[in-house]
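For reference, the structure is listed below as structure tokens.
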Amino acid sequence: GAGVSQSPRYKVAKRGQDVALRCDPISGHVSLFWYQQALGQGPEFLTYFQNEAQLDKSGLPSDRFFAERPEGSVSTLKIQRTQQEDSAVYLCASSFGLDNYEQYFGPGTRLTVT
Amino acid sequence: AQSVAQPEDQVNVAEGNPLTVKCTYSVSGNPYLFWYVQYPNRGLQFLLKYITGDNLVKGSYGFEAEFNKSQTSFHLKKPSALVSDSALYFCAVRVNYGGATNKLIFGTGTLLAVQP
């Protein structure tokens, strides 16, 4: 079956531009996560949705980062006024249930801010 | 604070030899532990998990992991390495605060290099 998809796969933005990253989770998956992976590092948690409710946004690094999942399916991560330190791979993951279930990751969006 | 440590940046092993990738954790409460593998320019692929039950967990591609509560470890193992196993491996622990989050905390990763 179809896995988690993300678009675009690559994004180059000039410093100060706004970007929007899209995630299509596996159909029927209740939970959706965003992670940020810097070069040579493990993924770091950004935010978590349970259906359309954003239950945890403790990992968002600043108020320039905003995520939404209005209908409990597709999610968008928006970064306003991008900075060079935002350059990273942004990973989306989804999982079927609320407990015990492994997360399935998309291929990621590589954001480069110049 | 909950954390995961992968003490080795890189592990080198000859094809056909057994491999071990180490992971230790620090959590409050019962740990939910995971291993993921990442190939270049691809997302993370789930390998296996420990939630409860048998300490030896079997997963995809012939990998297994042993949960050791007294040593707070969850090492990844495979009896016979393949060149195609060469990739970046991440250990992770799930954080759950009464359902308010289910985020994963990842280690820094271990690069496995299998020489032919």
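Data for the structure
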| item | result |
| --- | --- |
| Strands (runs of 3 or more DSSP E) enclosed by the range B:35-116 - at least 3 residues per element that are among the aliphatic types (A, V, I, L, M) | B:44-50, B:87-94, B:110-115 |
| Identity of the residue in the range A:26-47, facing another protein chain (nearest Cβ under 7 Å) and within 28 Å of B:Leu111 (Cβ to Cβ), that ends up most open to solvent (accessible area, probe 1.4 Å) | A:Gln41 |
| Some residue of the range B:10-24 being of a type outside the set (Val, Ile, Thr), open to solvent by 20 Å² or more (accessible area, probe 1.4 Å), within 29 Å of A:Ser5 (Cβ to Cβ) and in contact with a strand residue (DSSP E or B) (Cβ under 6 Å, 6 or more places away or on another chain) | no |
| Wholly within the range A:49-94, strands (runs of 3 or more DSSP E) carrying at least 1 residues that are within 14 Å of chain B (Cβ to nearest Cβ), charged (D, E, K, R) and surrounded by 14 or more Cβ atoms within 10 Å (Cβ to Cβ) | A:53-56 |
| Scan of the range A:1-25 for residues that are open to solvent by 40 Å² or more (accessible area, probe 1.4 Å), under 15 Å from A:Ser73 (Cα atoms) and not in a strand (DSSP E or B), ordered by number | A:Ala2, A:Gly3 |
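Condition check ((1) of a type outside the set (S, T, N, Q); (2) closer than 28 Å to A:Asp56 by Cα; (3) in contact with a Lys or Arg (Cβ under 7 Å, 6 or more places away or on another chain); (4) surrounded by fewer than 16 Cβ atoms within 10 Å (Cβ to Cβ)) across all residues:
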position: B:Gly43; (1), (2), (3), (4): yes, yes, no, no
position: B:Asn55; (1), (2), (3), (4): no, no, no, yes
position: B:Tyr61; (1), (2), (3), (4): yes, no, no, yes
position: B:Ser80; (1), (2), (3), (4): no, no, no, yes
position: B:Leu88; (1), (2), (3), (4): yes, yes, no, no
position: B:Leu104; (1), (2), (3), (4): yes, yes, yes, no
position: B:Gly109; (1), (2), (3), (4): yes, yes, no, no
position: B:Leu112; (1), (2), (3), (4): yes, no, no, no
position: B:Pro116; (1), (2), (3), (4): yes, no, no, yes
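The values are calculated or read from the model by the stated rules, or taken from the named source; none is laboratory data. In this text the structure is predicted, and so the values were computed from the model without any measurement. Glycine gets a Cβ as well: all are built from the backbone with ideal geometry, and neighbour counts include every protein chain shown. Note: accessible area is taken over every heavy atom of the protein model, side chains too, but ligands, DNA and RNA are not part of it. Shrake-Rupley method; radii C 1.70, N 1.55, O 1.52, S 1.80 Å.
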